[in-house]
């Protein structure tokens, strides 16, 4: 009986998407695994996405999507760029990746200040999809949005400003929907609209919206927020939610993924939430088989991974079953798993700097593949 090996990497943020990483492993193992061993070992290459970076490419890989492009604004300026989306004519579904519309890679380093960035581009995209549906250009029954990897931390209000939402200060002056203005806001105007299609949000983390484990306190610093900004952002979110009439029960139900973007879809569109776990194991079909060895990974493996990010979900599924799990990552830090059957391979250790490990990701994956191939050779040759 053949031994089954799962290769299910998540994307390496600002480096390579999960489909590219899986392809690099496939090329490496094709070279490294002896022909005799290939007769008893079968590799299953199933790149994953938790909703963050690489979501669209992963969906395209599994669902044979047609790529379309829509012109939208950058998070930091009114300049436009072409944002790709995936379309399934058969299923009448559109797939959108928030990291491609609002991601850090779109924002120059000197502009990475979440106080001054917003999600207006996502609102422009949704407006164009509404028009495409209404004028018969596209048949859309469901919009599926992978949320994660955004440069923004604006509670989705930039998006909503293109869909009818308005903010006003104490003098009844209209404010731009930027987080720096949330604390000054005294009135929120919005009439709830019924969209011509349903929305499902695949979210990359299970953080609450507010609090020490919320969108701002966990993620805004890595987006460029200072300690002082964190406090202003959090208070701004609280102010907006109060003005919108949200009670404590509603607030506690809001998800913090994408700097509050998921929460906006919950509040304004009654969007259906789909966890990364559901998307990976049900939609992508990873729960269909048993495996004898598992390989996963992502760019940075740290405490944030435990908020149900992709690689952690693979570990949580297979490690308790006693399956050897290899986690290949660019960098690893913090409170990491210590189970005997989990081995973490940190690519930065094999290069002069993390930047070099990103530039030479193909060399890094080959190095990791050599380590894992030796273990495959040892484990399955001994047993067979």
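The values are calculated or read from the model by the stated rules, or taken from the named source; none is laboratory data. Note that the coordinates shown come from a computational prediction; the quantities given were computed from them, not determined experimentally. Neighbour counts run over all protein chains shown; Cβ positions are idealised from the backbone, glycine included.
So is residue 131 more than 23 Å from the chain's Cα centre (by Cα) and either surrounded by fewer than 19 Cβ atoms within 10 Å (Cβ to Cβ) or within 30 Å of residue 231 (Cα to Cα) (or both) or not?
Considered against the rule, which asks whether it is more than 23 Å from the chain's Cα centre (by Cα) and either surrounded by fewer than 19 Cβ atoms within 10 Å (Cβ to Cβ) or within 30 Å of residue 231 (Cα to Cα) (or both), residue 131 comes out as yes.
Quick one: which strands (runs of 3 or more DSSP E) sit completely within the stretch 260-344 and have at least 1 residues that are at positive phi?
It comes to 293-301.
Could you list, in sequence order, all residues of the stretch 254-282 that are farther than 16 Å from residue 309 by Cα and touching a strand residue (DSSP E or B) at 6+ places or on another chain (Cβ under 9 Å)?
Selection gives 254, 261, 263, 265, 266, 269, 270, 271, 272.
Can you confirm whether residue 125 is out of contact with any strand residue (DSSP E or B) (no Cβ under 9 Å at 6 or more places or on another chain) and closer than 16 Å to residue 79 by Cα?
no
Buried (at least 16 other Cβ atoms within 10 Å of the Cβ), modelled with pLDDT of 95 or more and closer than 28 Å to residue 225 by Cα: which single residue out of 148, 158 fits that description?
Just a single option satisfies the conditions, and that option is 158.
Across the stretch 317-336, which residue is modelled with the lowest pLDDT among those that are over 23 Å from residue 370 (Cβ atoms) and surrounded by fewer than 18 Cβ atoms within 10 Å (Cβ to Cβ)?
Taking the candidates together, the pick is 335.
Specify which of the listed residues (236, 224, 211, 242) is in contact with a helix residue (DSSP H, G or I) (Cβ under 8 Å, 6 or more places away or on another chain), surrounded by fewer than 19 Cβ atoms within 10 Å (Cβ to Cβ) and more than 30 Å from residue 131 (Cα to Cα).
Working: 236 fails: surrounded by fewer than 19 Cβ atoms within 10 Å (Cβ to Cβ); 224 fails: surrounded by fewer than 19 Cβ atoms within 10 Å (Cβ to Cβ); 242 fails: in contact with a helix residue (DSSP H, G or I) (Cβ under 8 Å, 6 or more places away or on another chain).
Criteria check complete, one pass: 211.
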